[in-house]
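Worksheet: one structure, shown below.
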Amino acid sequence: MYVKQLSVFIENREGRMEKVTETLAKNNINIVCISLADTSEYGMLRMIVSDPEEGKRVLKEEGFSAMLTDVVGVKLPHYFGALNKLTREMSALGLNIEYMYAFTSGGDNASIIIKSSDNVKALDAVKNAGLSLVVPEEAYSL
Amino acid sequence: MIWNESRECMSRDEMMTMQGKRLAKQVNNVYHNVEFYRKKMQQLGIEPGDITRIEDISKLPYTTKDDLRDNYPFGLLAVPQSQIVRVHASSGTTGKATVVSYTRKDIEVWSECVTRELVMCGLGIDDVIQVAYGYGLFTGGLGLHYGAENLGCTTVPMSTGNTKRLVTMMEDFGATAIACTPSYLLHIGEVIEEMNALDRIKLKVAICGAEPWTETMRLQIEEKLHIHAHDIYGLSEICGPGVAADCIYHKGLHVQEDHYYPEIVSPDTLNPIADGEVGELVFTTLTKEGMPLIRYRTKDLTSIDRTPCECGRTLPRISRFKGRTDDMLIIRGVNVFPSQVEAALLEMGEVTPHYLMIVDRVNNLDTLEVQVEVEERFFSDEVKELENLTKKISAVLQSALQIAVKVKLVEPRSLERSMGKAVRVIDKRKLV
């Protein structure tokens, strides 16, 4: 139901991002989509990868703070108002959006990853909006 | 178990009588054999005959680290150099190294003191101890080594360097004790965790010293490694580790005062300070032959308790060190000790005991940045949560230190791990 997102704490200094991508590359882990939140001191890298558990393991082995978080993946058709439909349902249920980022597979659908204040209610919002979920296997194999 | 009951449990009266006799003899010795002390005593108008009781010690001049540097390397010897069997030196961060020389008897007395303390920590002939202090000019390695051998422990001279090998041997040899700096022990703990070796090792006691650490850190080490951790204190000028250590009751460090006589004085006025009050620790080596020191100012800040201990020893106890007058930073006019930062951080529980203080001066204003490693279990992928954590740490430090503190979260294990004395402070201020 939920997609496992791999999150990594990265200090703002040269070479850290390279080290993360190198570690994943060496272990044949594909990055499906990526988002980097930045603050003045550090960055928070959030990714959907082909093998989240293994990704976390190899990053931790390299000394990174890495964790897995359950997030909701939603398919959004390419027409205006699709995202608005979803956010309307979310706010109707009193949900707060902690963060979100988009990815696309180049086909008819775009997809969006959402972390909200309540993951269970978020599923209801998706249903109410008449949208469909990105199932984990689908997300990892893109 | 007590190694030398007749000395360690001596009544105060008997001890003071013995100390008085030893002091009179030592003063006579330095007056006749060390030009430095003869001149100093002559300037003050004191003769050896004026010193008959231990109370007379307050008439004597002080010795400082500068005096040791001025007389580098062998100017303070009280015996011909042919009687010196060993030399140690402490790294001089400023200028020349401080060199100390030992006769065969000095080594024996030093070993005896370390042995008493290892027994105090619960060790006996069946124990296997890994000595993971540096071996060499530094007194830590050889000091603990000789004390452990003298006791009859199976002594493994690991020194520092390869931590994985240390853990492998800890497991293979069934080591029950380790001696190292507290910060190195934390690192060893991490490696034990990485190697999933905690269930396979037999470690029960750690004897840690050579750098100040807090009671909270001691308890955290005990909990994490399921061991008893003891504090051992010493300084090369007096002998090295072995001057004092804490017993199983952990209510201060017992000083081996039949050999190393402690006083607490005000660092400003140099007047004696009452028992229980914090001041600078001063030592007189009552029995040392090679390089005896009279009223040596250690720059370490502590207080003394002369009441008997639950363990049965009458040796007085000095409290855990508040820091060294040398370590004290003055930031915007406020006195700050790294130990305060450590205690505040550890009480929060959300960060590891690894931290680095960076002091700088920006636009003529002192700034303090404290870098801390985020504990894995408190890590969050939400920036909001990490910012809350940063704010919380800042607030805790600010209330502990009474100055503004900028907190920077860093990746776990990114702060440098030391095998010897940990670097906790970088002072970038350029004072002109």
>> Give me a comma-separated list of calculated 3J(HN,Hα) values for region A:65-75, in order, Karplus coefficients 6.51, -1.76, 1.60 applied at θ = phi - 60°, integers in Hz, x for any Gly or Pro.
In response: 7, 10, 8, 10, 10, 7, 10, 9, x, 10, 7
> Quick one: what Rg and Dmax do you get for region B:1-326 from the alpha carbons, in Å?
Replying inline: 19.6, 66
> Dimensions of the protein assembly as shown along principal axes (Cα, Å, largest first)?
Replying inline: 104, 56, 40
> Ordered by residue, what ³J(HN,Hα) values in Hz, to whole numbers, does region B:200-214 give under the Karplus form 6.51 cos²θ - 1.76 cosθ + 1.60, where θ = phi - 60° and Gly and Pro are x?
Replying inline: 9, 8, 10, 4, 10, 9, 10, 10, 10, x, 6, 8, x, 9, 9
> Between the helical axis of B:35-44 and the dominant principal axis of chain B, each derived from Cα atoms, what acute angle in degrees is found, rounded to the nearest 10?
Replying inline: 80
> Which of B:MET15, B:PHE36, B:ILE2 sits closest to the plus end of the dipole of region B:1-45, meaning its Cα is farthest towards the positive end, when Lys and Arg get +1 and Asp and Glu get -1 on the C-beta?
Replying inline: B:PHE36
> Counting alpha carbon pairs within less than 8 Å and at least 6 residues apart, what relative contact order, in whole percent, applies to region B:150-223?
Replying inline: 36
> Roughly what % of Cα-Cα distances in region B:182-293 sit above 17 Å, to the whole percent?
Replying inline: 63
> If the label point is 7 Å along Cα→Cβ of A:GLU54, which residues in region A:11-32 have backbone nitrogen under 17 Å from it?
Replying inline: A:21-32
> Rg(Cα) of region B:331-432 divided by 2.2 N^0.38 Å?
Replying inline: 1.08
> Which value in Å is the Kirkwood Rh of region B:1-107 over different Cα pairs?
Replying inline: 15.9
>> Taking 2.2 N^0.38 Å as the expected size of a compact globular protein, what ratio does the Cα radius of gyration of region B:285-374 give against it, to two decimals?
In response: 1.53
> Around A:VAL32, which amide H atoms from residues at least 5 apart in sequence, or from another chain, sit under 5 Å from its own amide H, with H modelled in the peptide plane?
Replying inline: A:ILE48, A:VAL49, A:SER50
> How large is ³J(HN,Hα), in whole Hz, for each residue of region B:415-423 in order, when computed from phi with the Karplus curve 6.51 cos²θ - 1.76 cosθ + 1.60 and θ = phi - 60°, using x for Gly and Pro?
Replying inline: 7, 5, 8, 10, 9, x, 7, 6, 8
>> Viscosity 1.567 mPa s, temperature 4 °C: what is the translational diffusion coefficient of region B:370-425 from Stokes-Einstein with a Kirkwood Rh over Cα pairs, rounded to a whole number of µm²/s?
In response: 103
> So if we plug the beta-carbon distance of B:ASP126 and B:GLN398 into 1/(1 + (r/R0)^6) with R0 = 51 Å, what FRET efficiency do we get, rounded to 0.05?
Replying inline: 0.55
> B:LYS251 label point, 7 Å along Cα→Cβ, cut-off 12 Å on backbone N: hits in region B:299-339?
Replying inline: B:305-314, B:317
> Out of the DSSP beta bridges found with both residues in chain B, what percent are antiparallel (nearest 5)?
Replying inline: 65
>> Straight-line reach only, C-alpha to C-alpha below 22 angstrom: list the lysines that B:LYS164 could link to, leaving out same-chain residues fewer than 8 apart.
In response: A:LYS60, B:LYS202, B:LYS204, B:LYS224, B:LYS421
> Tell me, what is the FRET efficiency for B:ASP326 and B:GLU215 to the nearest 0.05, using R0 = 22 angstrom and their Cβ-Cβ distance as r?
Replying inline: 0.55
>> For a quick check: with amide H placed at 1.01 Å from N, whose amide H comes under 5 Å from B:THR367's, ignoring anything fewer than 5 positions away on the same chain?
In response: B:ASP360, B:ARG361, B:VAL362
> Stretch A:LEU68-A:SER117 to full length: gain in nm at 0.36 nm per residue minus the Cα-Cα span?
Replying inline: 16.0 nm
> Counting DSSP beta bridges in region B:142-266, what percent are antiparallel, to the nearest 5?
Replying inline: 45
> So for chain A, Kirkwood radius off the Cα pairs, Stokes-Einstein at 10 °C and 1.306 mPa s: how many µm² s⁻¹?
Replying inline: 100
> For B:ASP13 and B:LYS391, what is the calculated FRET efficiency with R₀ set at 56 Å and r taken between the beta-carbons, to the nearest 0.05?
Replying inline: 0.45
> Over chain B, what is the mean sequence separation of C-alpha contacts under 8 Å (at least six apart), divided by residue count, expressed as relative contact order in percent?
Replying inline: 14
> If you take all C-alpha pairs in region B:227-286, what percent of them are over 18 Å apart?
Replying inline: 42
> Based on the inverse mean of 1/r over its pairs of different Cα atoms, what is the Kirkwood hydrodynamic radius of region A:72-133, in Å?
Replying inline: 11.5
> How long are the three semi-axes of the equivalent ellipsoid for region A:3-69, computed from the Cα gyration tensor as the root of 5 times each eigenvalue, in whole Å, largest first?
Replying inline: 18, 13, 10
>> Using only the alpha-carbon atoms of region B:108-168 as identical scatterers, what base-10 log of I(q)/I(0) does the Debye formula give at q = 0.27 Å⁻¹?
In response: -1.11
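Read-outs: derived from the displayed coordinates by stated rules, not from any lab. The shown structure was predicted, so the numbers you read here are calculated from the model rather than taken from an experiment. We place every Cβ from the backbone using ideal geometry, glycine too, and count neighbours over all the protein chains shown.
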